[in-house]
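Below: one structure, written as structure tokens.
The values are calculated or read from the model by the stated rules, or taken from the named source; none is laboratory data. Model, not experiment: these values are computed from the prediction. Glycine gets a Cβ as well: all are built from the backbone with ideal geometry, and neighbour counts include every protein chain shown. Only protein heavy atoms, including side chains, enter the accessible area calculation; ligands, DNA and RNA are left aside. Shrake-Rupley method; radii C 1.70, N 1.55, O 1.52, S 1.80 Å.
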Amino acid sequence: MALIPALRAFSRFLARDTTLADDLVQETVVRALSKAGQFAPGTNLKAWLFSILRNFFLEQARRSNRERAVLSDYAASPDRVAQSQSAAVERAAIQELDHFLWQLSPLLREALVLIGAQEMTYEDAAMICGVTVGTMKARVSRARVRLQTLTENQGGNTP
């Protein structure tokens with residue numbers, strides 16, 4: 001139960017929609033309980049749950065992409081900008097950070113959120129993403145440099 005707030009935060013970051021994020025957390029808990037025998041005692045429960053959440057999110061995203069491809073023959077694609085605007089009722093600083101985060105590549109963004117926002121160790125984040133610790137460190141470093149560049153350019157260095 002103590003990990004649910006962290007799961008909710010990560011799922012909201014991934015989904016960018018509170019309802020979908022809550023569904024992700026609920027499904028993560030259901031899947032974790034049904035696979036509890038697969039959890040190795042003495043390992044990191046938070047990393048295990050985040051892996052389940054991330055894998056379920058990616059599974060849903062793939063399914064959604066397939067559904068969109070089928071529906072595109074029948075209807076126009078939804079206006080994603082209007083959806084994100086209606087969902088974004090945050091303070092200006094958070095909106096600006098969100099804007100910059102979404103300019104990062106998905107791999108860099110994910111690494112930065114796991115390490116920075118979720119305060120995971122590089123080892124746990126690497127395990128969740130299925131990469132080496134060195135790769136995770138490199139991704140976080142590149143993400144930080146890219147964010148710094150984006151914020152400096154936003155400050156008036158761009159036309």
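Which pairs have Cβ atoms under 9 Å, sit 6 or more apart or on different chains, and link a residue in the range 1-21 that is open to solvent by 90 Å² or more (accessible area, probe 1.4 Å) to one that is among the charged types (D, E, K, R)?
The qualifying pairs are 12/22; 16/98.
Report yes if residue 147 is assigned to a helix (DSSP H, G or I), under 28 Å from residue 44 (Cβ atoms), at pLDDT below 90 and not polar (S, T, N, Q), otherwise no.
So residue 147 fits the description; yes.
Does the range 57-75 contain any residue that is within 18 Å of residue 114 (Cα to Cα) and at pLDDT below 90?
Yes, there is a match, as at least one residue in the range 57-75 is within 18 Å of residue 114 (Cα to Cα) and at pLDDT below 90.
Pairs only if they're at least six apart or on different chains, beta carbon under 8 angstrom, first in the range 130-146 and over 14 Å from residue 106 (Cα atoms), second surrounded by fewer than 15 Cβ atoms within 10 Å (Cβ to Cβ); list them, first residue then second.
Taking only residues 6 or more apart or on different chains, the pairs are 133/123.
What single numbered condition from (1) modelled with pLDDT of 90 or more; (2) open to solvent by 20 Å² or more (accessible area, probe 1.4 Å) fails to hold for residue 136?
With (1) modelled with pLDDT of 90 or more; (2) open to solvent by 20 Å² or more (accessible area, probe 1.4 Å) applied to residue 136, the lone miss is (2).
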